[in-house]
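Only one structure is covered here, and it is reproduced in the block below.
The values are calculated or read from the model by the stated rules, or taken from the named source; none is laboratory data. Note that the structure is predicted; figures quoted are calculated from it, not measured. All Cβ positions, glycine included, derive from the backbone under ideal geometry; neighbour counts span all protein chains shown. With ligands, DNA and RNA removed, areas are computed over all heavy atoms of the protein, side chains included. Shrake-Rupley method; radii C 1.70, N 1.55, O 1.52, S 1.80 Å.
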Amino acid sequence: MNFKELAIKRFSVRKYTDEPVSKADLEYIMECVRLAPSACNRQPWKYCLLTSDEAKDKIRQCYHRDWFKTSPMYILCMKDVNNCWVRTDDNKPHGDVDLGIAVEHLCLAAAERGLGTCWVCNYDVEAVKRLFPMAGYEAVAIIPIGHIAEDCPHGEKKRKEIDEIVEEI
């Protein structure tokens, strides 16, 4: 599969089977995440693998959607707020950008392995802080990950035309 085929294959999965993610798949995916680039190679991230029943119960309190509860595990993607590179001209911190690159590595690596993911960013921020306290880190995304259910809803990808997003200057 080439990269374009992989990009087409990846979609936001909103229904999973209860089959666990294998250790080999998880190790492969997290190695792909580890290799992601970041500004000045700061690597300002930490990934909490939520696999225990207690951790899954906690994260499910932070995002109230029925489909979310079907995931056999979650990855809580955290930004190291004290180690982000900051652009000097305007003091823009790049931690969210760096984490976004790495999380998409995660999603694409999972798709390559036949697994599904979904970016979840509209969660209860205060609940995540309370239930998963980690000094110096801020949650950026929750990624449910697992085997895609046969009856998972999957609409056609709707994207803007290339001439709407590309401009040659």
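Annotation note: of L76, L99, the sole residue that is at pLDDT 95 or above and touching a helix residue (DSSP H, G or I) at 6+ places or on another chain (Cβ under 8 Å) is L76.
Among residues of the stretch 54-71 that are farther than 11 Å from G146 by Cβ, those with a beta-carbon under 7 Å from a residue that is open to solvent by 60 Å² or more (accessible area, probe 1.4 Å) and part of a helix (DSSP H, G or I) at least six positions away or on a different chain give the pairs R60/K69.
Contact map, the stretch 23-43: first residue in a helix (DSSP H, G or I), second residue charged (D, E, K, R) and open to solvent by 60 Å² or more (accessible area, probe 1.4 Å), Cβ cut-off under 8 Å, separation 6 or more or different chains; pairs are D25/R113; Y28/R113; I29/R113. Checked across the stretch 108-131, the condition of being at negative phi, open to solvent by 30 Å² or more (accessible area, probe 1.4 Å) and in a strand (DSSP E or B) holds for no residue. Against the list (1) modelled with pLDDT of 95 or more; (2) of a type in the set (V, I, T); (3) assigned to a helix (DSSP H, G or I), the condition I8 fails is (1).
Can you find a residue in the stretch 4-23 that is under 15 Å from the mean Cα position of the chain (by Cα), open to solvent by 30 Å² or more (accessible area, probe 1.4 Å) and polar (S, T, N, Q)? Yes, the conditions are met somewhere in the stretch 4-23. Among the residues examined, Y74 does not qualify as closer than 18 Å to G146 by Cβ, surrounded by fewer than 17 Cβ atoms within 10 Å (Cβ to Cβ), touching a residue at least 60 places away in the same chain (Cβ under 8 Å) and of a type outside the set (D, E).
Number of residues in the stretch 81-99 that are surrounded by fewer than 18 Cβ atoms within 10 Å (Cβ to Cβ) and either of a type in the set (S, T, Y) or outside any strand (DSSP E or B) (or both): the value is 12.
Show the residue pairs meeting these rules: Cβ distance below 9 Å; 6+ apart or different chains; first residue within the stretch 125-136 and at pLDDT 95 or above; second residue β-branched (V, I, T) and part of a loop (DSSP other than H, G, I, E, B). From residues that are at pLDDT 95 or above, the pairs are G136/V81.
Quick check on D163: is it touching a Cys at 6+ places or on another chain (Cβ under 8 Å) and acidic (D, E)? Here the answer is no, as D163 does not meet what is asked.
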